[in-house]
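The values are calculated or read from the model by the stated rules, or taken from the named source; none is laboratory data. In this text the structure is predicted, and so the values were computed from the model without any measurement. Cβ sites come from the backbone with ideal geometry, for glycine too, and all protein chains shown count toward neighbours.
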Amino acid sequence: MTAHAPRVSRAISAVLAATTIVVGLAGRTVLPEAVGGPLGDALSAVLVVWLVMLLAPRTPPAVAASVALAVCAVIEASHLTPLAPALLDRWPAARFVVGTTFAVQDLVWYALGAALAGTLVAAVTPRRGGTGQTLRHAPTAAAVRGRRAASVVAPLTVLGLLVVGGVVLGRTVEAEAVELTAEVTTAQRELSTSAGKVADDAVREQLAAALDRAGSVLGATPVLHRLPGDARAAAAGLEDAIEAVRASRRERATDRATTAREEAAPVRRRAERVLDAADALAESGQDAGEATRAAVRDTLGAVDDTVALADPERLAEMPLADLEEVAPVLRARQDAVGTATAELMSAQDAVVCPFPDQVWFPEGGRIATDDLAPIPWAPEHSVRADLLDGLVALDEAYLAQFGAHLVVNSAYRSVDDQREVYRPENPNPLAAPPGCSNHGLGTAVDLSVGPEGFDGARFAWLTEHAEQYGWTHPDWAGPTGRLPEPWHWESVATPDAY
Ligand SMILES: [Zn+2]
């Protein structure tokens, strides 16, 4: 072998050039664009190196590599001129040679391919010369055959590894992107459906931030800026954020169900009390109507079913969608009980209380002793305990004005007390039927106002001052009312409707 021997034989260069073309085209066809593109760019430069070696087998590897890079760069740059677009218009298949657009990162792949091919040429070139100590001697025939074999096998092996590596890398990046895209869809749905449904809004902000991160990962150039693992990490972040939002939704839904369950208790108790009283009145001949009583019974049953559902252990095991329905359903059913109860009370009122200003309450005359308080200066009479302070304050002012306490003739009246004063044979009896008087609620007092009645100084003073202490004189008891009663005063807290 002499200094004039080719570095790589033309035959080998031709085979390598053909192989490179086949692999490059196959790569563009088979591989995803994210991998096939860069691989094709690198192989273009490799191809130019083989072509240089085919035309001029003695070209030094560095020169061949530089020429390859220069040729590829010029072709790439042609996209910045009208030349490449015109060429592609006329002959679309030219894209296999010149590509389709200008992209700076393509130059990196060209450089990589050129360097790789140049290095391979240098590696398989027979060594010549060397240090002064090295003796020159002709290689044996076996060594020559070995180098020739190596000059074919080595580039093909590298090409094969390049292709296999590219396929693995590309498939991995693509599969991760597909998974991340699916996770993004789930996360977007979670973000839009969780508005106003979380215990802590910060979890939704974190989900939005994780979605932003996933978006930039998906938008990044595969392989160059999005490496294997990036999309998987973003998907894991999304999954955590979705879990946090769902946990927060559970927390809020559980709280609301528990609150609704607690709030249902007094509504149920009241409905049961009204129903019991209405049932008792029905037996004694004052039936408010079976349908109205049945409506309360039915709505109570529906509430009981939902209350049972809102048991803490059952809530903990319930799917989120069901869990979030418990509170609204319970509230709706609770409202239905309230409505049915009010309707039953109205129906009962119409049967029991003859006048519109009389309002029937099942607890009328049945107030628990604990809820009543004796009037300090007239302890034989009581009012509802929470109203006593206002009455005491009114009395103090009255005492200062008239030098004597308010004279209380009647206050709370039990059912039995009310029966004693009720005279149904009178077409406009002074006392209401049991259950219809606010004396039975502990919210009314009968006060002596002197023989002048409505015209006296006491009634005038009370009219002017009682309201500021929470007491008032109702219209029906006024001078022109249904039943003129200057002595009847009642708390402003007295209910007059359901
Ligand atoms: Zn009265």
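Residues in the stretch 389-419 that are free of Cβ contacts under 8 Å to residues at least 60 places away in the same chain and within 12 Å of Glu490 (Cα to Cα) were compared, and the one that is farthest from the ligand (Cβ to nearest atom) is Tyr412. Residue count for the stretch 93-111 satisfying the condition of being modelled with pLDDT of 80 or more and over 13 Å from Val48 (Cα atoms): 4. Going through (1) in contact (Cβ under 8 Å) with a residue 60 or more places away in the chain; (2) closer than 15 Å to Glu176 by Cβ; (3) not hydroxyl-bearing (Ser, Thr, Tyr) one by one, Ala260 falls short only on (2). Evaluate the following for Ala295: is it more than 19 Å from Asp335 (Cβ to Cβ), touching a residue at least 24 places away in the same chain (Cβ under 8 Å), buried (at least 16 other Cβ atoms within 10 Å of the Cβ) and assigned by TED's automatic domain parsing to the domain that holds Met345? So Ala295 fails the test.
Ile367 meets all of the listed conditions (1) farther than 29 Å from Ala294 by Cβ; (2) touching a strand residue (DSSP E or B) at 6+ places or on another chain (Cβ under 8 Å); (3) more than 14 Å from the ligand (Cβ to nearest atom) but one, namely (1). Looking across the stretch 180-197, the residues that are free of Cβ contacts under 8 Å to residues at least 40 places away in the same chain and among the aliphatic types (A, V, I, L, M) come down to Ala182, Ala195.
Hey, does the stretch 420-428 have a residue that's within 16 Å of the ligand (Cβ to nearest atom), modelled with pLDDT under 95 and in contact with a Ser or Thr (Cβ under 9 Å, 6 or more places away or on another chain)? I'd like the intermediate steps shown before the answer.
Here is the first cut: in the stretch 420-428, the residues within 16 Å of the ligand (Cβ to nearest atom) are 420-423, 426, 428.
Next, from what is left, pick out any that are modelled with pLDDT under 95: 420-423, 426, 428.
Still in the running and in contact with a Ser or Thr (Cβ under 9 Å, 6 or more places away or on another chain): 421-422.
Among the residues of the stretch 420-428, at least one is within 16 Å of the ligand (Cβ to nearest atom), modelled with pLDDT under 95 and in contact with a Ser or Thr (Cβ under 9 Å, 6 or more places away or on another chain), which makes the answer yes.
Quick one: in the stretch 458-476, of everything that is of a type in the set (A, V, I, L, M) and touching a residue at least 12 places away in the same chain (Cβ under 8 Å), which residue is farthest from Trp487 (Cα to Cα)?
That would be Ala466.
Each residue in the stretch 465-483 was checked for being more than 12 Å from the ligand (Cβ to nearest atom) and either over 56 Å from the mean Cα position of the chain (by Cα) or closer than 16 Å to Val408 by Cα (or both), and 8 pass.
Elements of the type strands (runs of 3 or more DSSP E) sitting completely within the stretch 391-498 and holding at least 3 residues that are crowded, with 19+ Cβ neighbours inside 10 Å: these cover 444-447, 488-491.
Would you confirm, using the coordinates I've provided, whether Val337 is of a type in the set (A, V, I, L, M, F, W, C) and in contact with a Pro (Cβ under 7 Å, 6 or more places away or on another chain)? Against the criterion (of a type in the set (A, V, I, L, M, F, W, C) and in contact with a Pro (Cβ under 7 Å, 6 or more places away or on another chain)), Val337 does not qualify.
Scan the stretch 436-461 residue by residue and report those that are at positive phi and away from the ligand (no atom under 15 Å from the Cβ).
We begin by selecting, within the stretch 436-461, every residue at positive phi; these are 442, 450, 453.
Result: Gly450, single match.
Inside the stretch 10-38, residues that are modelled with pLDDT under 85 and either among the hydrophobic types (A, V, I, L, M, F, W, C) or not in a helix (DSSP H, G or I) (or both) make up a count of 7.
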